[in-house]
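Quick notes on the structure that follows.
The values are calculated or read from the model by the stated rules, or taken from the named source; none is laboratory data. Not measured: the values here are computed from a predicted model. Note that each Cβ is placed from the backbone with ideal geometry, even for glycine, and that neighbours are counted across all protein chains shown.
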Amino acid sequence: MTLFTCGPVQMYHRTATIRDKGYIHFRTKEYGEMVKSTLKRLSHLMGNHTEFGTIYLASSGTGAMEATIENCMLANDKALVINGGGFGHRFCEMLEYHNIPYDSVDLKWNEALTAEHLKPFENKGYTTLFVNIHETTSGQLYDKQLLSEFAKRNNMYFIVDAISSFLADEYDMEKYGIDVTIISSQKGLCCSPGCAILSFSKRMIDKIQSNESKRPSLYFDYRDYLNNIDRGQTPYTPPVLVMYEIQDMLNMIEEEGGLNSRLATIKGKGEYFRKKVKEIGLTIPDYPISNMITPVWFEDISAYDVIQVLKDKYDIYVNPCGGELADKLLRVSHLGDTTIADIDNLIDKLLLSIEEVKKKQLQGVS
Ligand SMILES: *Cc1c(COP(=O)(O)O)cnc(C)c1O
């Protein structure tokens, strides 16, 4: 089985076996020290040097998105969301659900975000900008510089879901003035699902701590997490085993030559796949795309049918798209323990699967 999926991804053997080495109970000083050092290393990789500005939750990424809305949007706040696909839409739904005023910059799935889209939203009193910096459903990677300047100019907090971009694309909280970064264990970190990590700027910590007007979710009250993290502790049982996997992954990235080398590897796999996929006559959309993924466009046959053949006949998994794009687009992830040889195999099997779907289509017609 080979996973070319967004997350969980094809896991490295050493990650999958890390739990065999044993682990200690989480209410110990030793575990707390491990957590502190791991979160510190993570926050440096995110470009955040705020002390104890990073916490972790037992949750998938979506839980952290929602908890961030509850903890970081206080009375009188008004949000603007970049909504270019399923994950942007998810932020909108959550704001709606929590009765928080918001507007959205709505993009068609294949429309690249530009300065023009932001113009109507200048000086309109928004306090917070929300973006999924890589909208995983389409593969579009938004322009961090553009959004960062917009947020600064409009005096807004800048909240970024970087779940599918962190450890695939360049990222730097301080450089881009990012106040919250949300990531989760099963994407760029290539670990088991179940752990979300949040990194805050100093001014966002102050804002969260200043909240006296309402209590956010009891389980996800960030004040409790922030008040415990200087000891490496959490108010409730954390995803202990995933934390060990993350620690080991950070070691592995260091052994491989560090962050830039990691980014180069993923970019290299992506470029190789894109070249090969064009050679076999398939199309890639022309908006800016994350290193993490390649969306592949199908004109005459169903992308969804191709995905089924790849899975059932060749044990290769790629991501489908939802809704109106289900038959049009498939997505291939470049994260995880996949090699150039695996990509060559994927291309071969993609060709065979396409032939098979075409043959079935002809039979269906005749
Ligand atoms: C995967 C992903 C999430 C989180 O999804 P979960 O299934 O809740 O972990 C959130 N945002 C983006 C952009 C993602 O790619």
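Within the stretch 3-17, track down each residue that is modelled with pLDDT under 95 and not in a loop (DSSP other than H, G, I, E, B).
None; the set is empty.
Checking TYR219 against (1) out of contact with any strand residue (DSSP E or B) (no Cβ under 6 Å at 6 or more places or on another chain); (2) hydroxyl-bearing (Ser, Thr, Tyr); (3) in contact (Cβ under 8 Å) with a residue 24 or more places away in the chain: exactly one of these is not met. Which one?
(3)
For (1) more than 23 Å from the chain's Cα centre (by Cα); (2) hydroxyl-bearing (Ser, Thr, Tyr); (3) closer than 28 Å to VAL131 by Cβ, each residue gets a yes or a no:
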position: GLY7; (1), (2), (3): no, no, yes
position: THR15; (1), (2), (3): no, yes, no
position: ASP20; (1), (2), (3): yes, no, no
position: MET46; (1), (2), (3): no, no, yes
position: ILE55; (1), (2), (3): no, no, yes
position: ALA64; (1), (2), (3): no, no, yes
position: ILE69; (1), (2), (3): no, no, yes
position: ASP77; (1), (2), (3): yes, no, yes
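Does ASP305 satisfy the condition of being over 28 Å from MET249 (Cα atoms) and surrounded by fewer than 15 Cβ atoms within 10 Å (Cβ to Cβ)? Don't jump to the end; show me each part of the working.
Working: over 28 Å from MET249 (Cα atoms): yes; surrounded by fewer than 15 Cβ atoms within 10 Å (Cβ to Cβ): no.
Criteria not met by ASP305.
Residues in the stretch 122-132: is at least one within 10 Å of the ligand (Cβ to nearest atom) and under 19 Å from the mean Cα position of the chain (by Cα)?
Looking through the stretch 122-132, at least one residue is within 10 Å of the ligand (Cβ to nearest atom) and under 19 Å from the mean Cα position of the chain (by Cα).
Condition test on GLY232, is it touching a helix residue (DSSP H, G or I) at 6+ places or on another chain (Cβ under 6 Å), under 22 Å from GLN140 (Cα atoms) and more than 16 Å from the ligand (Cβ to nearest atom)? Before the answer, list the steps.
Values: touching a helix residue (DSSP H, G or I) at 6+ places or on another chain (Cβ under 6 Å): yes; under 22 Å from GLN140 (Cα atoms): no; more than 16 Å from the ligand (Cβ to nearest atom): yes.
When the stated conditions are applied, GLY232 does not pass them.
So is ASN123 farther than 30 Å from ASP327 by Cα and either of a type in the set (Gly, Ala, Ser) or surrounded by fewer than 21 Cβ atoms within 10 Å (Cβ to Cβ) (or both) or not?
yes
Sort through ILE205, ILE159, ILE183, ILE197 and tell me the only one that's within 10 Å of the ligand (Cβ to nearest atom) and in contact (Cβ under 8 Å) with a residue 60 or more places away in the chain.
Result: ILE183 is the single residue among ILE205, ILE159, ILE183, ILE197 that is within 10 Å of the ligand (Cβ to nearest atom) and in contact (Cβ under 8 Å) with a residue 60 or more places away in the chain.
Of all helices (runs of 4 or more DSSP H) completely enclosed by the stretch 189-291, which ones contain at least 2 residues that are within 18 Å of the chain's Cα centre (by Cα)?
240-255, 259-279
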